[in-house]
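The values are calculated or read from the model by the stated rules, or taken from the named source; none is laboratory data. Computed from a predicted model, the values in this text were never measured in an experiment. Positions of Cβ are generated from backbone atoms using ideal geometry, with glycine treated the same way; all protein chains shown enter the neighbour counts. What goes into the accessible areas is simple: the full protein's heavy atoms, side chains included, and nothing from ligands, DNA or RNA. Shrake-Rupley method; radii C 1.70, N 1.55, O 1.52, S 1.80 Å.
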Amino acid sequence: DGMAPKLLYTVPADDATEIASNGKIILTFDENIKLTDKARAMLEGTIVTPTASGKTGIVEYKGLAYSTNYGFVLSSGSVSDLSGNVLNEDISITFKTKDRPAIAKRLYDFVVPRDGSCHRRCQCQGNEEH
């Protein structure tokens with residue numbers, strides 16, 4: 001057809017918030033794609049490895065910091081259709097990860113005696129270790 005693949009949408013979407021710190025960046029195109037020999041992707045300055053399957057490009061990531069803005073770039077010339085028509089523009093998206101989950105404090109009805117005696121209901125008379 002003589003036309004390079006067109007990006008339809010991304011997950012996460014550009015400027016998305018509340019994104020998990022472990023996951024995938026998914027790029028969906030209008031036709032089946034393949035990665036070129038020049039394929040290069042960066043996630044906030046770190047090289048990441050893209051894969052392609054059907055109409056989808058995928059980059060897996062893990063261990064991103066909470067409450068942090070990230071930028072992803074798939075460099076120009078990284079993707080072509082199956083006929084060899086290369087997409088000659090960068091694909092860039094930014095997103096922000098979720099806040100650190102808050103750990104809810106709980107009230108416990110549990111007391112450990114200072115004398116080290118048994119704190120469970122048992123038959124040990126406080127002389128055995130548990």
At a 1.4 Å probe radius, carbon and sulfur cover how many percent of the accessible area of the range 1-84?
50
For the range 1-95, which chymotrypsin sites (Phe, Trp or Tyr not before Pro) are both in a DSSP coil and crowded by at most 15 other Cβ atoms within 10 Å?
Y66
Given H placed 1.01 Å from N in the peptide plane, which residues other than close sequence neighbours of S76 have an amide H under 5 Å from its amide H?
D90, I91
Could you give each residue of the range 35-52 its phi-based ³J(HN,Hα) in whole Hz, using Karplus coefficients 6.51, -1.76, 1.60 with θ = phi - 60°, and x for Gly or Pro?
8, 8, 5, 8, 4, 8, 10, 10, 10, 6, x, 10, 5, 10, 9, x, 10, 10
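Could you list, in their original order, any pairs among K38/K96; K38/K62; K24/K98; K34/K62; K34/K98 whose Cα atoms are separated by more than 26 Å?
Numbers: K38/K96 28 Å; K38/K62 24 Å; K24/K98 15 Å; K34/K62 24 Å; K34/K98 31 Å.
Result: K38/K96; K34/K98 exceed 26 Å.
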